[in-house]
1. Taking the residues in the range 29-47 that are over 23 Å from Q131 (Cβ atoms) and surrounded by 15 or more Cβ atoms within 10 Å (Cβ to Cβ) as candidates, determine which candidate is modelled with the lowest pLDDT.
2. Evaluate the range 84-91: report whether one residue or more is surrounded by fewer than 16 Cβ atoms within 10 Å (Cβ to Cβ), free of Cβ contacts under 8 Å to residues at least 12 places away in the same chain and of a type in the set (G, A, S).
3. Specify the residue that is surrounded by the fewest Cβ atoms within 10 Å (Cβ to Cβ); the eligible residues are those in the range 140-156 that are touching a helix residue (DSSP H, G or I) at 6+ places or on another chain (Cβ under 8 Å) and closer than 16 Å to S34 by Cβ.
4. I need the full set of residues from the range 99-128 which are part of a helix (DSSP H, G or I) and farther than 17 Å from R151 by Cβ, in order please.
5. When you scan the range 77-98, how many residues do you find that are part of a helix (DSSP H, G or I) and touching a strand residue (DSSP E or B) at 6+ places or on another chain (Cβ under 6 Å)?
6. Would you point out the residue of the range 97-139, among those that are more than 24 Å from T27 (Cβ to Cβ) and among the aliphatic types (A, V, I, L, M), that is surrounded by the fewest Cβ atoms within 10 Å (Cβ to Cβ)?
7. For the range 112-139, what are the residues that are of a type in the set (F, W, Y) and either modelled with pLDDT under 95 or touching a helix residue (DSSP H, G or I) at 6+ places or on another chain (Cβ under 7 Å) (or both)?
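The values are calculated or read from the model by the stated rules, or taken from the named source; none is laboratory data. Quick caveat, the model's predicted, so the values are computed rather than measured. Here Cβ is always computed from backbone atoms with ideal geometry, including for glycine, and neighbour counts include all displayed protein chains.
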Amino acid sequence: MKRDLFLTSMERDAEMDRSLRPDIAETPLKGVRSNIVQSIRAFRVQDLQDTARAVGQHFLYANLANAQSKQDVLDLIAQQFMLPAHFGKNFDALYDCMTDPLHKSGPQPGFIVVLEQIPATAKFDKEAREQLLDIFRDTADYWADRKIPFRCFYSFL
């Protein structure tokens, strides 16, 4: 009986916490699909971070302005997303880190990701940029299959 009361109390606290959070429709992301990779355009990074905090989602941010090559991009993402030390620093490993360990760690509230100033250099050309964005599109699809919001916003340097 006491256990039932405790669980009910915990569930009630969780429900109260959820009710204090705004609905995504009450945020700047109103009208943005729940699983998408899109240009940051009219959004400000601070607004996206504030929205993530308000709705209780993970916020991941990487500024890639100093990257010149694929390796630089992966190094900066690993550092700024705080990926595990065993991260293989290739696109397949990036996808794995954005999906599998997080999924195995339990229920996820959702993600708002910002990739700011993706480079446009000879060593990180259009094809490399599309491959990077494809990783995040595949990640958005992965989370969509699990009914977890994953929104990724990007800009080019």
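1. Of the range 29-47, the ones over 23 Å from Q131 (Cβ atoms) are 29-32, 34, 42-47.
From what's left, surrounded by 15 or more Cβ atoms within 10 Å (Cβ to Cβ): 29, 32, 34, 43, 45.
Details: L29: 83, V32: 87, S34: 92, F43: 93, V45: 96.
So the residue we want is L29.
2. First, pick out the residues of the range 84-91 that are surrounded by fewer than 16 Cβ atoms within 10 Å (Cβ to Cβ): 84-86, 88-90.
Applying the additional criterion that residues be free of Cβ contacts under 8 Å to residues at least 12 places away in the same chain yields 85-86, 88.
This time we only want the ones that are of a type in the set (G, A, S), so: 85, 88.
Yes, there is a match, as at least one residue in the range 84-91 is surrounded by fewer than 16 Cβ atoms within 10 Å (Cβ to Cβ), free of Cβ contacts under 8 Å to residues at least 12 places away in the same chain and of a type in the set (G, A, S).
3. The first filter runs over the range 140-156 and keeps only residues touching a helix residue (DSSP H, G or I) at 6+ places or on another chain (Cβ under 8 Å), leaving 142-143, 146, 149-154, 156.
With the extra rule that they be closer than 16 Å to S34 by Cβ, the set shrinks to 142-143, 146, 149-153.
Numbers: Y142: 18, W143: 21, R146: 12, P149: 21, F150: 26, R151: 26, C152: 22, F153: 22.
For the range 140-156, the residue satisfying everything is R146.
4. Filtering the range 99-128 down to residues part of a helix (DSSP H, G or I) leaves 99-104, 126-128.
Answer for the range 99-128, where residues must be part of a helix (DSSP H, G or I) and farther than 17 Å from R151 by Cβ: D100, P101, H103, K104, K126, E127, A128.
5. The initial filter retains those residues of the range 77-98 that are part of a helix (DSSP H, G or I), namely 77-80, 91-98.
Among the residues that remain, those that are also touching a strand residue (DSSP E or B) at 6+ places or on another chain (Cβ under 6 Å) are: 77, 80.
Matching residues across the range 77-98 total 2.
6. Going through the qualifying residues, I end up with A122.
7. First, pick out the residues of the range 112-139 that are of a type in the set (F, W, Y): 124, 136.
Residue satisfying the conditions is F124 alone.
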